[in-house]
Amino acid sequence: MSRRPNIEEALKKVSSRYELVHAATKRVSQLLERGEDIFVRDKTRGELIKKTFQAIEDIAQGKVQVVRLRRSSEND
């Protein structure tokens with residue numbers, strides 16, 4: 001049986017589920033830009049996992065930092 005990413009821990013690193021989805025999407029893009037395959041072998045369990053799983057785990061473990069950019073208002 002395959003395990004699931006630690007979404008609860010990842011949600012502690014962001015302000016909402018929407019932000020987690022956005023951050024995970026950006027992380028997957030970064031991983032794919034480096035020429036990595038869509039699947040990677042989990043080093044601890046030996047099973048294949050998708051980059052989306054890896055991205056959420058990276059966020060949960062603090063391997064990547066989610067940066068929130070503020071929109072500038074027209075009055076600034």
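When the Cα positions of L48, V14, Q65 are compared along the charge dipole of the chain, L48 comes out farthest toward the positive end, with charges on each C-beta of Lys, Arg, Asp and Glu. Listed options for Rg and Dmax of the Cα atoms in Å are (i) 28.3, 81; (ii) 14.5, 54; (iii) 17.4, 50. The value calculated from this structure is the one marked (ii). Near D42, the amide H atoms lying under 5 Å from its own belong to E47, L48, I49; only residues 5 or more places off or on other chains count, and H is placed 1.01 Å from N. For the chain, the longest principal axis of the Cα atoms and the long axis of helix 17-33 meet at an angle of about 60 degrees.
Applying 1/(1 + (r/R0)^6) with R0 = 30 Å to the Cβ-Cβ distance of Q30 and R4 gives a FRET efficiency near 0.85.
Stretching the chain fully between Y18 and I49 yields a gain of 8.9 nm (0.36 nm per residue, less the alpha carbon separation).
Local charge sum around A24 (other residues, Cβ-Cβ under 12 Å, Lys/Arg +1, Asp/Glu -1)? Taking every other residue near A24 into account, the sum is +3. Across the chain, the relative contact order, built from alpha-carbon pairs under 8 Å that are at least six residues apart, equals 40 percent.
All of the numbers you see were taken from the coordinates with simple rules; none came from a lab. All values derive from a computational prediction rather than experimental measurement. Using ideal geometry, Cβ is built from the backbone for each residue, glycine included, and neighbour counts are taken over all protein chains shown.
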